[in-house]
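The next block holds one structure in the form of structure tokens; read it before the comments.
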Amino acid sequence: MIAEEQVNDTVKEYCKLLLRSGKSLKVIVNDILDLSRIEAGRFELVNSEMDLKELVENTIKNYKHQNKNT
């Protein structure tokens, strides 16, 4: 909703950061659930493609922003 409104660039960047952070949190939660499945012996590995460049860029953006706020 906020991303669709007319706001300044800083707010837009914060919205993008929140979206990326939410997606990262989802990955962490899924990883924790996977660990539970491994411990229970009910885990299946799935081979899937990933965009390494996007992963690295998003990681850099998240930490760059985090360093600004500390």
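The values are calculated or read from the model by the stated rules, or taken from the named source; none is laboratory data. Keep in mind that what you see is a predicted model, and the values were worked out from it rather than measured. As a convention, Cβ positions derive from the backbone with ideal geometry for all residues, glycine included, and neighbour counts pool all protein chains shown. The protein model used for the area step is the full one, side chains on, heavy atoms only, and it has no ligands, DNA or RNA in it. Shrake-Rupley method; radii C 1.70, N 1.55, O 1.52, S 1.80 Å.
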**OP:** Output the residues belonging to region 3-26 that are open to solvent by less than 80 Å² (accessible area, probe 1.4 Å) and under 17 Å from the mean Cα position of the chain (by Cα).
**Re:** 13, 15, 17, 20, 21, 22, 24
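Evaluate the following for residue 33: is it surrounded by 10 or more Cβ atoms within 10 Å (Cβ to Cβ), at pLDDT 90 or above, under 26 Å from residue 64 (Cα atoms) and of a type in the set (A, V, I, L, M, F, W, C)?
no
Quick grid of which residues meet (1) touching a residue at least 12 places away in the same chain (Cβ under 8 Å); (2) assigned to a loop (DSSP other than H, G, I, E, B):
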{"position": "17", "(1), (2)": "yes, no"}
{"position": "20", "(1), (2)": "yes, no"}
{"position": "27", "(1), (2)": "no, no"}
{"position": "31", "(1), (2)": "no, no"}
{"position": "34", "(1), (2)": "no, no"}
{"position": "45", "(1), (2)": "no, yes"}
{"position": "60", "(1), (2)": "no, no"}
